[in-house]
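The values are calculated or read from the model by the stated rules, or taken from the named source; none is laboratory data. None of the values given here were measured: they were computed from a predicted structure. Note that each Cβ is placed from the backbone with ideal geometry, even for glycine, and that neighbours are counted across all protein chains shown. SASA here: full protein model, heavy atoms, side chains in, ligands and nucleic acids out. Shrake-Rupley method; radii C 1.70, N 1.55, O 1.52, S 1.80 Å.
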Amino acid sequence: SIGLYELFINGERAGNEYLTPGWTSYKNRIQFQVYDVTDLLSQGNNAVGFTLGNGWFRHFRSNNRADSYYDYLAGIVQIEVEYTNGTKETLITDNSWKSSTGPILSSTIYDGEMYDARKEMYGWNKTGFDGSSWKGTTSVDQSKDILVGAQGEPVIKNEEIKPIKIWKNDKGELIADMGQNMVGWIRLKVKGDAGTKITLKHAEVLDKDGNFYIENLRAADQLLEYTLKGEGDEIYEPHFTFMGFRYLLIEGFPGMPTSDNITGVVVHSRVPVTGNFECSNELINQLQHNIQWGQKGNFVDVPTDCPQRDERLGWTGDAQAFAPTACFNMY
């Protein structure tokens, strides 16, 4: 895709990879992913759909200009079907597909996501959905010569953590402490009236007075804004962004949240732990712990410079200095 994507077949998400197709020098190469979707198919009619987001393709920086490789988003899907009788069929995207906007009002790598659950369209990626009001699609003149198979390990959900403390500080700010500086996002569970708007702001530290501190983020907002549809318990996770944080500033939540309402989803490239170190000195052990979590947070598709402020891109100076340690810890 030109823009990040999530692919669905008969309402089920294909694969467990996130932030696909990943970061590349998009004018020179764009990666594609291959999935075995056999178990997602059904007898009879089947439905295929995908959602697109800006990702690293289109984003805005502090000088109010767009850093964009393209001024549009697009996707291409090719499905290879082999029937039990040995015949084969290839299905591809073309101008017969339809398109629409949805509940994701905005989504960028640096600023986060705005999501209005009232705009959800139940069954949009399933058979039987009435898409008569949807618009058509347009083919773009995009070279296929720069398409390459995925080059690195995919970004996946690796673990989940719960907040260790939720409180109001002296300024009346509602803050949650995840107990660990992490990279990923929050899974929010909430129940309330339709139209209720909840904002989650993310920060790595508090100031000396215990107040929420985001000056180090510079131009990155890294916030989530979720508007309820008002239908019982609602579960929300962002789609095309990630945050570097330990603390949350929660605004607009109906009532006082508990750890049941907040789950930290840790994401990074699928690199298994291959080395560890432990000694009798707890300070050195803590240093090793910090190094490992720093590596998790900066291995998000490519080795990045930092996961929280307005950078989040590959930086070979840091990667060169850290390479021996990185290969010891994970490979």
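At a glance:
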| quantity | calculated |
| --- | --- |
| Among (1) outside any strand (DSSP E or B); (2) open to solvent by 40 Å² or more (accessible area, probe 1.4 Å); (3) not small (G, A, S), the one test that R312 misses | (2) |
| Checklist (1) outside any strand (DSSP E or B); (2) more than 19 Å from the chain's Cα centre (by Cα); (3) of a type outside the set (G, A, S); (4) more than 21 Å from S259 (Cβ to Cβ) applied to E153, failing item | (2) |
| Where E160 falls short, out of the listed (1) in contact (Cβ under 8 Å) with a residue 12 or more places away in the chain; (2) loosely packed, with under 13 Cβ neighbours inside 10 Å; (3) assigned to a loop (DSSP other than H, G, I, E, B) | (3) |
| Residue in region 115-122 that is hydroxyl-bearing (S, T, Y), within 28 Å of N10 (Cβ to Cβ), surrounded by 15 or more Cβ atoms within 10 Å (Cβ to Cβ) and within 16 Å of the chain's Cα centre (by Cα) present | yes |
| Scan of region 67-110 for residues that are under 30 Å from T38 (Cα atoms), surrounded by 11 or more Cβ atoms within 10 Å (Cβ to Cβ) and small (G, A, S), ordered by number | A74, G75, S99, S100, G102 |
| Every pair of residues 6+ apart whose Cβ atoms lie under 8 Å, when the first sits in region 142-153 and is more than 14 Å from I76 (Cα to Cα) while the second is modelled with pLDDT of 95 or more and hydrophobic (A, V, I, L, M, F, W, C) | A150/F32; A150/V34 |
| Whichever residue in region 183-233 is polar (S, T, N, Q), within 19 Å of the chain's Cα centre (by Cα) and farther than 12 Å from F253 by Cβ and, among such residues, is modelled with the highest pLDDT | T227 |
| Contacts under 6 angstrom Cβ, first residue in region 116-128 being over 13 Å from P103 (Cα atoms), partner assigned to a loop (DSSP other than H, G, I, E, B) and of a type in the set (F, W, Y), 6 or more apart | G123/F129 |
| Hits in region 274-306 - residues which are open to solvent by 40 Å² or more (accessible area, probe 1.4 Å) and aromatic (F, W, Y) | F277, F299 |
| Members of region 237-252 found to be under 22 Å from the mean Cα position of the chain (by Cα), over 14 Å from H202 (Cα atoms) and surrounded by fewer than 21 Cβ atoms within 10 Å (Cβ to Cβ), listed by number | E237, H239 |
| Filter result (hydroxyl-bearing (S, T, Y) and at pLDDT 95 or above) within region 279-324 | S280 |
| N216, sole failed condition from (1) surrounded by 12 or more Cβ atoms within 10 Å (Cβ to Cβ); (2) farther than 24 Å from A321 by Cα; (3) in contact (Cβ under 8 Å) with a residue 24 or more places away in the chain | (2) |
| Leading residue by the ranking (surrounded by the most Cβ atoms within 10 Å (Cβ to Cβ)) among those in region 222-236 that are part of a loop (DSSP other than H, G, I, E, B) and of a type in the set (D, E) | E231 |
| In region 280-309, the residues that are under 16 Å from N158 (Cβ atoms) and assigned to a helix (DSSP H, G or I) | H289, Q292, W293, G294, Q295, K296, G297, N298 |
| Number of the exception - D177 against (1) open to solvent by 60 Å² or more (accessible area, probe 1.4 Å); (2) at pLDDT 95 or above; (3) under 22 Å from the mean Cα position of the chain (by Cα); (4) of a type in the set (D, E) | (1) |
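Residues checked against (1) of a type in the set (S, T, Y); (2) touching a residue at least 40 places away in the same chain (Cβ under 8 Å); (3) under 24 Å from K296 (Cβ atoms); (4) in a helix (DSSP H, G or I):
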{"position": "W167", "(1), (2), (3), (4)": "no, no, no, no"}
{"position": "D170", "(1), (2), (3), (4)": "no, yes, no, no"}
{"position": "A176", "(1), (2), (3), (4)": "no, yes, yes, no"}
{"position": "R187", "(1), (2), (3), (4)": "no, yes, yes, no"}
{"position": "D193", "(1), (2), (3), (4)": "no, yes, no, no"}
{"position": "K201", "(1), (2), (3), (4)": "no, yes, yes, no"}
{"position": "A220", "(1), (2), (3), (4)": "no, yes, yes, no"}
